[in-house]
1. How many lysine pairs does segment A:100-204 hold where the Cα atoms are under 19 Å apart and the two sit 8 or more places apart or on different chains?
2. What net charge do the residues around residue A:195 carry, taking every other residue with its C-beta under 11 Å from that of residue A:195, with Lys and Arg at +1 and Asp and Glu at -1?
3. Using the basic label-point model (7 angstrom from Cα toward the beta carbon), what is the residue B:190 to residue A:223 distance in nanometres?
4. Which FRET efficiency, nearest 0.05, do residue B:158 and residue A:50 yield, Cβ-Cβ r, R0 22 Å?
5. Of the beta bridges DSSP finds with both residues in the protein assembly as shown, what % are antiparallel, to the nearest 5?
6. With a Förster radius of 45 Å, plug the Cβ-Cβ distance of residue A:75 and residue B:16 into 1/(1 + (r/R0)^6) and report the FRET value to the nearest 0.05.
7. Where in segment B:2-19 does the amide nitrogen come within less than 11 Å of the point 7 Å from the Cα of residue B:111, taken along Cα to Cβ?
8. For the protein assembly as shown, what is the mean residue ellipticity at 222 nm derived from helices alone (per DSSP H run of n ≥ 4: -39500 (n - 2.57); sum divided by total residues; nearest 500 deg cm²/dmol)?
Amino acid sequence: MTASLRVLVWPSVPPGRFVLRGARPSVSAESRMVESYNTSQFKKGLKVQLDGQPGIVLESEFRKPGKGQAVYTLRIKNLLTGNVLVKSYRNGDKIDAADVHDTDLQYLYNDSTLWHFMDPDTFEQYEVPKEALGDAWKYLIDGTKVDATFWNGQVIVITPPAHVVLEVTFCEPGARGNTSAGVTKPATTETGAEFKVPIFIDNGDLIKVDTRTGEYVERASSK
Amino acid sequence: MLRSTREFFAQRDVLEVETPALSRGVVVETHLDPMVVVDESRGDGRDYAFLQTSPEACMKRLVASGSGPVYQLCRVFRAGESGRFHNPEFTMLEWYRPGFDLEQLMDEVGDLLATLLPDLAPTSRRRTTSYRQLFVEHAGLDPFACGVEECIDRCAELGIEPPAGLDRDEVDAYLDLILSLHLQAGLGADGPLFLIDFPPDQAALAQVREDAAGTPVAARFEVFLRGVELANGYLELLDADEQRQRFAAANERRVADGRMRLPPDEYLLAALGAGLPSCAGVAVGFDRIALLRRGADHLDELMAFPWNRM
C-alpha cells in the first residue's frame, strides 16, 4: 500500500491500534465458519440462529433519525417452522450465526417413513423423515437432484428442481383429442402424489410439473 | 438539481462557500460516528483527523467572522450508516442565515423543496406539527412527560419489540425507536411536514426556548416528505460554555455506550466565544431529494457507486 492516508471506521478502532478495514473484498460469510454477525454485517440471506432455531434473513433495514439512535430491523424466517418474525437491534449488537449450508444431493428411495438421499461427490447417505420434506416428496423419483439445506449436520429443507417430469400411473380416461384448456381431472403419478391435469392426459403419459406451485405445466415427451 | 439549487441561492444573495472536509476536532454528538483518517507520514499511526459529518463547524466560523449568509454543497461522511436511505458518504446541502428565525428558515427550506420537487412539495401543501402533538396523536404518548415504563408499554401496544440492549434509562432511545419504526413512514405523505419543538435533550446545537405552554423545547425542526427525513434545522446555539457542556455530555453518553470519546472542535468553541451572530442554519440530505424526485425506493438505485460496491 503506497497511499499515506487510510480511512477507517471509527467506533471499532481505538487510537494507536489502527487496523485497516478498507481494501475489500472480504471473505464471503459462506466460505468460512463465523460464530456471530454484528449489525454492520446484517444483510439479506444471512443464516442466523434465534432461540436455538435456524433462520434466514429475508430483509434487513437500517433506520436512523438524523440526530437519534440507529435501529436495525431484520425479518427472519424460521427454517424449521417457516414462521417469519421481525427483530430489532442496536448498533453493535450481534446475532448468532447458524451452521447452515446447502449441498446438492441425489434422491435414492423411500420406505414411506424415511426418504434416502446420497451426496454424489462423497457417496455419503442421508435419511430424512417425511415430516421434514414438506411437499418435496411429491416430486422425487430415483435420481432426482435436490438442493438440501443442512443445519448442524442435519437436513432441514429439501428443495427439488423448479420443474420435474413425472409419469402418470392412474387417471380416468379422458376424451381423446379434447385439448380444450381449463378442463382438468386428477391424475396420480409414480411418486404417489396427485395433480390436476388436462383431460387429454392418459395413463403412462409424462407430465411436467412446477414444484413451486404444485401445478401441471405441460405434457412431456421424455424425462 | 445542482444548477437549480445554485440559482435558488444566487437569487437570494447567499454566498456559495467551500470548507475543509478534514478536521482535528469534531462536533461531538451522541449518535454520530465520524470516520477517521490516519496520516501515516509520521509512521506511528497516531496522527489522525476526522472526515466531516457535516460542514457545520467551519461554516459557523465563517459566519462568526462576518461572512453573511453562506451555503455549501459538499460530501460528508458518517460511519456505519448504510441502508435504504443512508450511505456512509453522501451529499449535504447546508446553509446559514444570520438574523433569520426558525420560521423564516423553514419558509426558505419549503421554497427550496418547492423548487426541486415541484410535484411533491408545492408550497400549498406545507404543514407544521410539534414533536409532542405528533406523539400524543399518533403514538398515545406525551414525549415530555412520559417515563421509560410508559414507553415500554406503548412499544408493546404498537407491536414494536425494542432491541434487547436498549438503555432502560433513556426515554429518548424509546422515542427514537417509536419515531423510526412507527411514526416516520406516515410523515409528509401529501407534502413537506415540518416537525418542530423537540425535547430539550435532543437539542444538539440548537437553542432551548419555551413553547407557548411554557415547556422548554429545542428550537429545531426536521422536514419529512413521503416518510423520508430530508432536513434538520436549528436556531443556532450561541453560548460557547453551553456548547462545551453539551459536547462533554454527549461524550459521556458515548463512553457509557461503549463508543469513542471524541475531541471537541476547539476552533468552533472559540468562534462561539468570540461571538456568533444570531442565526438559523439547516442541513439537507441532497441525495434523498434526488431519491424522491426519481421515485426510487433505495439510494442504490440512483447512486452510480453505492458503498456496497466500493
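1. Details: A:130/A:138; A:130/A:145; A:138/A:185; A:138/A:196; A:185/A:196.
For segment A:100-204, qualifying lysine pairs total 5.
2. Values: positive: A:138, A:185, A:196, A:208; negative: A:194, A:210, A:215.
Within the 11 Å Cβ shell, the charges total +1.
3. 6.5 nm
4. So, using R0 = 22 Å, E works out to roughly 0.50.
5. Details: 109 of 116 bridges.
Once the DSSP bridges in the protein assembly as shown are tallied, antiparallel ones form about 95 percent.
6. 0.55
7. Backbone N within reach: B:8-14.
8. Values: 10 runs with 102 residues, N = 533.
My calculation for the protein assembly as shown gives -5500 deg cm²/dmol from helical runs alone.
Each value in this text was obtained by applying a stated rule to the coordinates, not by laboratory testing. For clarity, every value in this text was computed on a predicted model and none was experimentally measured. Reconstructed Cβ throughout: ideal geometry from the backbone, glycine too, with neighbour counts over all protein chains shown.
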